[in-house]
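Derivation of every value follows stated rules applied to the coordinates shown; laboratory data play no part. Because the structure is a prediction, the values reported are computed rather than measured. Note that each Cβ is placed from the backbone with ideal geometry, even for glycine, and that neighbours are counted across all protein chains shown.
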Amino acid sequence: MAADIVVALAFNAGLMAFSYGVGRPIVRIFNPSGPAGVGRDPAGIRRLDRGLFALALGFGAIMFVYLFLGLGDALNKPAAWAIYGAAGAITLVQYRGIAPEARAAFERVRKQRPPAWALALAAVVAGHAFLNLVGAMAPPSMADPLRHHLASPAYYADVGGFPFVPVIFWNIPGVLHVGYTVELLVASEIAPAVTHFTFSLLTAGAVFVLGRRFAGWKVGLIAAAIFYSLPMTTELASAPMVEMGAVFFAVLAVYALLTGGKDADMRWILLAGLLGGLAGATKPWALLAGPAGLAVILVVQGSGVLQRPRRTAISLVAFSFAFGLVLGPWLIRNYIAAGDPLWPLGYQVFRGDMWTDWHFEKFSSWETGPGKSLVDFVLGPWNLTNEIGSFTQDRGPLSGSLLTPILLIFIPAAWLFGAARNKATGGLLAALGAFAALAYVVWFAGYQQPRYIQVVHPLLAVMAGVGVVAAAGTRRRWLALAAAGLLGLSLVGTLGVSVAFNSGFFPVVFGAQSRDEFLEAKVSNISSVMWVNENLPTDTKVLVMGLAGWYYFDRDWLVGDSAYQGHLAYHDMASPDGLVMELSDVGVTHVLVQGAVDAEPTLLGWAARVGGPSYGERALEELLTDLELPPVTPNDFEARPFVLLAGLQAEGRLGLVHRGEETVVTSRTFGGSESVEFLVFELLVE
Amino acid sequence: MGSIKSVLARPMLVRFVREHWKPLVFVAWAVGVLVAYLGQFSDSLDSIRDVLSRIFGGA
């Protein structure tokens, strides 16, 4: 465990340094400099700003090399180290340039004499960062990484490439997934979370430079503190998710558009397109950076859109071209493999292979939030702040989706106190507002999961930062004190949230709790995964009926849930014979049915859970007869594999080998869990 | 003490509101948001107590 942590930290330190080294010459190729008069820094972009661009482009470039190696099935340990070493060599070659830069930056920081409030804000960010880093150093326990963000890289590392795998979310663009694959190959399972944590800090840095450039350093610092203290930042920064990579690229893309968009400076627009593409290639919801980036171009060019439409058109095309160029490899791979560049998200348009109307209906019927009326639309920001429980299903307001009231309180203050009248700040607010509004419209029309709109959080933090500074700058001492008090209270409150969230990771990270005890307490259904690992032969292949803990399987395994995969066409199987043939073809030897709170621990109990109560009430013979017709509803589609398996069990071709107890974790933070039973079957085929 | 109407009609109050309407609007807005924000936790006090208990060992 300690060795894993040290390796993870060292590998990431190298990866970030080498990303900067690789990106430095790329930034020079673009040679971006700020046009005089733009923002507060007419001399051009500053060292930190340029460094963040270099790091983003360098990281993207390194990941692309790994991606192409993987697409050619040549991503193995030696290749991974060779590329890492080559990136290191490129960085070392530039030592004579980088060393004086680093010394000058250090000296500049050393000579700074910031006011006490600025130091306090920096201390808050440092406190959050320490807590998040501890969380990142714990064994992965969040559900999404165990299901896809780490599970798919683990598979890719195992097979040495990026084959098309028809499991939902496994083929969706993933710049960080490429990095996680490399880290699982050569570093440790802690490394991906440390990478994601690093990107959370880099995003705070990007927020700072964006605010500083267009509204002053105070706005930048306050915005960075607001963003980094959001509970969602806390929840994400300490886990191997991908959102922080996406928002880092997206914020820099907005910076680039604000800097060069007005004058249609192609270098900045192409740079923005590449960064927007990297954001979209990191997280599907960050694909919003594409249309939102176009909206920003239109806003920053303002009246120039009508006066010089050709220039605007060229800007839009250039941004779109660079955006698509980055996404190209993933889109082309998915299109060739399944006829849908965004498999399976583009099903409605492309009707891709290995996906069906039942899959589509199931996922498009997901709903959360108070509703989709015009009133709900208008009240969305209010509800996201003050009624977050209506977006989190049964989890209530105390979740990672919780926002702070600071955003809603201070964003209107930016306009109320006249900050928008300043040309640069007004342009900043208009552009960020356009980006956020477009993202909000798309999000509102779809599944209103709060995390899916996280890409706008850094931008809202900048807008709120403008509001805080505007309120504090009204020459009314009481108002300045009130603004500072509100901000301070909010930051203290969110630091408390971070302590509550991350305190559960301290025992395992500092050796007071074993890895197994930690996983048992934090990961749903981990007991069934461990039972399979410890009790089934090494040449086993397990069909997993359940969605938890996939990353921790040591045995060969296959996703069995009908709705989450497209390799097993249960809907075409009219009898258990069809299932036996297909399972035999793919080498399945065992079936694991994970426990669920609302399911009887039997195959037909599971069928009733996903298909409805009638599956528990009708005779098996009747259910098997129904299989001769295609499923009618998505529920029938989901229940079908369990009916098929129950048929096999009744015929004696599927034998129960173990029934065990495990827990479903209802809250990692509050420690809630419920006991359930899991089942392990052996396929008895002659 | 005059009636409310006469108090509201006093020139000083009118001038005060006219000069400070922006901070007043802001404060009203901030208080409204804060009250609504804190109100959403009214059903979660037990959960908050559970977390505090876990962190501070029964505090």
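Remark: spin-label model distance B:Val17-A:Lys372 equals 4.3 nm, labels positioned 7 Å along the Cα→Cβ axis. Per residue, the convex hull around the alpha carbon atoms of the range A:65-137 comes to 142 Å³.
For the residues of A:379-392, the average number of beta carbons from a partner chain within 10 Å of their own beta carbon is 2. Taken residue by residue and averaged, Cβ atoms of other chains lying within 10 Å of the Cβ of A:154-163 number 0. Let a ≥ b ≥ c be the square roots of the eigenvalues of the Cα gyration tensor of the range A:304-392; is it rounded (a/c under 1.5), or, if not, prolate (a/b larger than b/c) or oblate? Because a/c hits 1.5 or more and a/b fails to exceed b/c, the range A:304-392 counts as oblate. Each Lys and Arg adds +1 at its Cβ and each Asp and Glu adds -1 at its Cβ; summed about the Cα centre, chain A shows a dipole of about 5620 debye.
Here the range A:555-677 is treated with +1 on each Lys and Arg Cβ and -1 on each Asp and Glu Cβ, and its dipole about the Cα centre works out to around 340 debye.
Translational diffusion of the range B:4-56, estimated by Stokes-Einstein from the Kirkwood radius over alpha carbon pairs at 25 °C in a medium of 0.890 mPa s, is 169 µm² per second.
Overall shape: oblate for the range A:435-515, with the ratio a/c of the largest to smallest alpha carbon gyration tensor axis at 1.5 or above and b/c at least equal to a/b. When the alpha carbon gyration tensor of the range A:146-198 is reduced to an equivalent ellipsoid, its three semi-axes come out at 17, 12, 9 angstrom, largest first. Packing order of peptides A:195-202, A:258-265, highest average first: A:195-202, A:258-265 (average count of other Cβ atoms within 10 Å over each peptide's residues). Over the range A:180-287, the fraction of Cα-Cα pairs per 10 Å bin, rounded to whole percents and listed from the shortest bin up, is 16, 39, 33, 11, 1.
Globularity index of the protein assembly as shown is 1.01 (Cα radius of gyration / 2.2 N^0.38 Å, N = number of residues). Farthest towards the positive end of the charge dipole of the range A:569-686, among the residues A:Ala569, A:Phe637, A:Ser675, is the Cα of A:Ser675, using unit charges on the Cβ of Lys, Arg, Asp and Glu. Sparse packing (at most 11 other Cβ atoms within 10 Å of the Cβ) combined with a DSSP loop state is found for the following chymotrypsin sites (Phe, Trp or Tyr not before Pro) in the range A:296-373: A:Trp366.
Inter-chain neighbour count for B:34-42: the average number of beta-carbon atoms from partner chains within 10 Å of each residue's beta-carbon is 6. Taking a ≥ b ≥ c as the square roots of the eigenvalues of the alpha-carbon gyration tensor, the range A:539-686 is classed oblate because a/c is 1.5 or more while a/b is no larger than b/c.
Each of the peptides A:241-247, A:623-629, A:100-106 was scored by the mean count of other Cβ atoms within 10 Å over its residues; in descending order, highest first, they stand as A:241-247, A:623-629, A:100-106.
When you count the other C-beta atoms within 10 angstrom of each residue and take the mean per peptide, A:581-594, A:502-515 line up highest first as A:581-594, A:502-515.
Simple rule: put +1 on each Lys or Arg Cβ and -1 on each Asp or Glu Cβ in the protein assembly as shown, find the dipole, and look at A:Pro173, A:Pro115, A:Gly465; the Cα lying farthest toward the positive end is A:Pro115.
Mind checking which of B:Gly32, B:His20, B:Ser6 is farthest towards the positive end of the range B:4-56's charge dipole, using Cβ charges of +1 (Lys, Arg) and -1 (Asp, Glu) about the Cα centre? Final value for the positive-end residue is B:Ser6. Working from Cα pairs under 8 Å separated by at least six residues, relative contact order for chain A is 13 percent.
Considering all different alpha carbon pairs of the range A:489-582, the Kirkwood hydrodynamic radius works out to 16.6 Å.
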